[in-house]
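Below: one structure, written as structure tokens.
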Amino acid sequence: MPKLTAAFVRSVEKPGRHSDGQGLYLNVTKSGAKSWVMMWKRDGRVREMGLGSATGEGKIGALALADARQAATVARQQIAADIDPIAEKRRKKVKSFGQCADSLIESLRPGWKNEKHAAQWEMTMKVYAAPLRERSVHEIATEDVLRVLKPIWQGKPETASRVRGRIEKVLDFAKARGMREGENPARWKGNLDHLLSRPVKLLRGHHEAMAYPEVPAFMAKLRDQPGTGALALQFAILTACRSGEVLGAEWSEIDFEAGLWTIPAARMKAGREHVVPLTSEAVSILRQMAEVSSIGFVFGGAKPGKPLSSMAMAMTLRRMKVDVTPHGFRSSFRDFAGNETNAPREIAEEALAHTVGDAVERAYRRGAAIVRRRALMETWASFLSAPAGGNVRLLKAKEVAA
């Protein structure tokens, strides 16, 4: 017969295990925390399994006496059927790697400043870690992690390093929730560092870029790509702006009459307002987007009131099988401006929203700089529309930007 009462469970303070009979115990720690434990013998040794908390009856996760007895009954039935209750509990609790990755992303999302971080996590977990997604998280071993990392370890060291770190974090997340045991197979020190070469350290700010003579041919193919992501990427290349600046663009920032896009300081990396002269092709892209919606974000996402995903441009490049980054086209533009035009260095740098000179100097030349920057951006747009590598076009570029 059961020995405990609900009143005893609520009031007992004596540390130790108090039997309710048939293997069910109320465990009380020195700190006063209470939990339910099921104990039984198997193969000559005592096994025990936690059933849940008994502290704060009525709270989420806490089991009342009746609930604990019911859980113990289920465990006894499993034992009688030669089923290990601990293994069965773990089996029901374990999720796939993909489910754990998604849960981790949701738990981290409130602490991220913008959706870009979530999008980057989601992309790496769905694209690079795809071979792991359907596997039970407790089954993943070092060889499974190596199969993901080896194809990209040398060619994409920065990406591979991020993927490894994120896989490690997902597996730690799973272990903390009782879904796996043992060492983390994605850990670098003392594990993968013996199996993979040391990652190549890239210079901070490095982004894979396309050689500027190749960009016109690439743009011709990009114009044939469907979707808002392709249009946003074209706009980013034409304006030499960062992905975040393009995806966060709002219609209130666009002045069609003046042909200017004014990006507020709050959205700029340097914290300064940036005015972008718009070429005719850039304006044409804006007019296409205005036919979809002229309220809120220029490049709107699938969800109302949200911008296009930060991964949209990268996924366009992936579909085109082009191994560069959207940000890298800023380097292409800078190389073009320096090698193929006579545009002064400060004009090219200001086109990229880089700080050149002190505040007084910048204010003094702001008006003239817009005119000269517009000429430079028109030269860039003209080059992008030319047959790939046209020498005559490059000569004209020097003349226009001189």
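The values are calculated or read from the model by the stated rules, or taken from the named source; none is laboratory data. Please read these numbers as outputs of a predicted model, since none were measured by experiment. Note that we place each Cβ from the backbone using ideal geometry, even for glycine, and neighbour counts take in every protein chain shown.
Figures for the structure shown
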{"quantity": "From Ile237, Ile167, residue being modelled with pLDDT of 95 or more, within 19 Å of the chain's Cα centre (by Cα) and of a type in the set (A, V, I, L, M)", "calculated": "Ile167"}
{"quantity": "Among the residues listed as Ala363, Ala388, Ala369, the single one being outside any helix (DSSP H, G or I), modelled with pLDDT under 85 and in the same structural domain as Gly271 (by TED's automatic domain parsing)", "calculated": "Ala388"}
{"quantity": "Matching entry among Ala302, Ala266, Ala270, Ala343 (being without any contact (Cβ under 8 Å) to a residue 24 or more places away in the chain and part of a loop (DSSP other than H, G, I, E, B))", "calculated": "Ala302"}
{"quantity": "Members of region 237-263 found to be assigned to a helix (DSSP H, G or I) and of a type in the set (Asp, Glu), listed by number", "calculated": "Glu245, Glu253"}
{"quantity": "Failed item in (1) small (Gly, Ala, Ser); (2) touching a helix residue (DSSP H, G or I) at 6+ places or on another chain (Cβ under 6 Å); (3) assigned to a helix (DSSP H, G or I), with Ala209 passing the rest", "calculated": "(3)"}
{"quantity": "In region 252-268, residue farthest from Val283 (Cα to Cα) [restricted to those that are surrounded by 13 or more Cβ atoms within 10 Å (Cβ to Cβ) and among the charged types (D, E, K, R)]", "calculated": "Arg267"}
{"quantity": "Qualifying residue in region 285-293 (condition: at pLDDT 90 or above, touching a Pro at 6+ places or on another chain (Cβ under 9 Å) and buried (at least 19 other Cβ atoms within 10 Å of the Cβ))", "calculated": "no"}
{"quantity": "Among the residues listed as Leu238, Leu233, the single one being touching a Pro at 6+ places or on another chain (Cβ under 8 Å), touching a residue at least 24 places away in the same chain (Cβ under 8 Å) and crowded, with 20+ Cβ neighbours inside 10 Å", "calculated": "Leu233"}
{"quantity": "Region 276-287 residues that are over 15 Å from Met219 (Cβ atoms), paired with ones that are of a type in the set (Phe, Trp, Tyr) and crowded, with 21+ Cβ neighbours inside 10 Å (beta carbon under 9 Å, 6 or more apart)", "calculated": "Val276/Trp261; Pro277/Trp261; Leu278/Trp261; Leu286/Phe235; Leu286/Trp261"}
{"quantity": "Unmet requirement for Glu208, which otherwise passes all of (1) in contact (Cβ under 8 Å) with a residue 40 or more places away in the chain; (2) surrounded by fewer than 15 Cβ atoms within 10 Å (Cβ to Cβ)", "calculated": "(2)"}
{"quantity": "Search result, residues across region 108-125 that are in contact (Cβ under 8 Å) with a residue 12 or more places away in the chain and of a type in the set (D, E, K, R)", "calculated": "Glu115, Lys116, Glu122"}
{"quantity": "Residue among Ala87, Ala72, Ala81 that alone is crowded, with 17+ Cβ neighbours inside 10 Å, over 11 Å from the mean Cα position of the chain (by Cα) and either assigned by TED's automatic domain parsing to the domain that holds Met49 or without any contact (Cβ under 8 Å) to a residue 60 or more places away in the chain (or both)", "calculated": "Ala72"}
{"quantity": "Some residue of region 38-48 being more than 17 Å from Ile83 (Cβ to Cβ), surrounded by 13 or more Cβ atoms within 10 Å (Cβ to Cβ) and not polar (S, T, N, Q)", "calculated": "no"}
{"quantity": "Number of the exception - Glu291 against (1) touching a residue at least 60 places away in the same chain (Cβ under 8 Å); (2) over 28 Å from the mean Cα position of the chain (by Cα)", "calculated": "(1)"}
